[in-house]
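Below is one structure, written out as structure tokens, with a few remarks after it.
The values are calculated or read from the model by the stated rules, or taken from the named source; none is laboratory data. Just so we're clear, the structure is a prediction, and the values are computed from it rather than from any experiment. Here the Cβ positions follow ideal geometry from the backbone for every residue, glycine too, while neighbour counts run over all protein chains shown.
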């Protein structure tokens, strides 16, 4: 069955959202299964034709990606000094506030929405307070982690790796930007520098997909278009915002996601407090 397997945060820490998704997908499962079976029958009847079409599409996609690489390779040397400054600035970030808003969908189904607001302290292990749609959902500090299930706080310290509770951290954003930056166009806007990428490079799509932790299950991407915009503060060389979107097709249908992640209040987050547990 085709479904949105993982979205934004690990579903282990968003069980309420996961339950809602499972209800929706169970309601749609018969339709999805029927569509999949019909597609499979059609593929068996047209194996040779489909194979030839797939090879042609793959060749065209590869050629387009190679052309894109050639056109943008000259930007690498220009981006390197900025990358060095951004990397150096990231080393001085001890805490921050981040907010992630995104949506994702497959086969024109109802989009899944995600909101995550995080107060993050770069300690070992990290301290964090995670809110979703205005409600405190997760707190972790000194190796102790608690999850708000809607009625009470549950101790999940022994079942969850703290480093997996929130993946769209500032360090991860910087690492992803460093991979994409050589392919991006640079534009100065007042006290900001805006880096923009738009293209069909598979590796850049995978970098973005990995950063925002969206997982559509097993699929072979036939073509994809990705747009990433990163806003950097010129004064302190800190990333303040990343806007992204991607859409494409695989052998079964379509997929798409888009969103924004922001970072602010650098080195101004107060100590995270654990909830009172009786």
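Return yes or no: is residue 234 farther than 30 Å from residue 143 by Cβ and surrounded by fewer than 15 Cβ atoms within 10 Å (Cβ to Cβ)? Criteria met by residue 234.
When 243, 201 are checked against the criterion of being under 19 Å from the mean Cα position of the chain (by Cα), more than 18 Å from residue 171 (Cβ to Cβ) and crowded, with 17+ Cβ neighbours inside 10 Å, a single residue qualifies: 201. Among the residues making up the stretch 224-272, those that are closer than 18 Å to residue 184 by Cα, in contact with a helix residue (DSSP H, G or I) (Cβ under 8 Å, 6 or more places away or on another chain) and outside any strand (DSSP E or B) are 237, 238.
For every residue, the table says whether it meets (1) free of Cβ contacts under 8 Å to residues at least 24 places away in the same chain; (2) crowded, with 16+ Cβ neighbours inside 10 Å; (3) within 14 Å of residue 129 (Cα to Cα).
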| residue | (1), (2), (3) |
| --- | --- |
| 149 | no, no, no |
| 153 | no, yes, yes |
| 166 | no, yes, yes |
| 169 | no, yes, yes |
| 180 | no, yes, no |
| 186 | no, no, no |
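Just one of the listed residues (268, 210) is under 15 Å from the mean Cα position of the chain (by Cα) and surrounded by fewer than 18 Cβ atoms within 10 Å (Cβ to Cβ), namely 210. Of the residues in the stretch 214-234, at least one is more than 22 Å from residue 103 (Cα to Cα) and at pLDDT below 95.
Table: residues versus (1) at pLDDT below 95; (2) within 30 Å of residue 274 (Cβ to Cβ).
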{"residue": "148", "(1), (2)": "yes, yes"}
{"residue": "173", "(1), (2)": "no, yes"}
{"residue": "191", "(1), (2)": "yes, no"}
{"residue": "195", "(1), (2)": "no, no"}
{"residue": "209", "(1), (2)": "yes, no"}
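Across the stretch 131-143, the number of residues qualifying as under 20 Å from the mean Cα position of the chain (by Cα) and either closer than 16 Å to residue 158 by Cβ or modelled with pLDDT of 95 or more (or both) comes to 1. Within the stretch 174-215, being assigned to a loop (DSSP other than H, G, I, E, B), touching a strand residue (DSSP E or B) at 6+ places or on another chain (Cβ under 9 Å) and over 14 Å from residue 258 (Cα atoms) holds for 184, 191, 200, 201.
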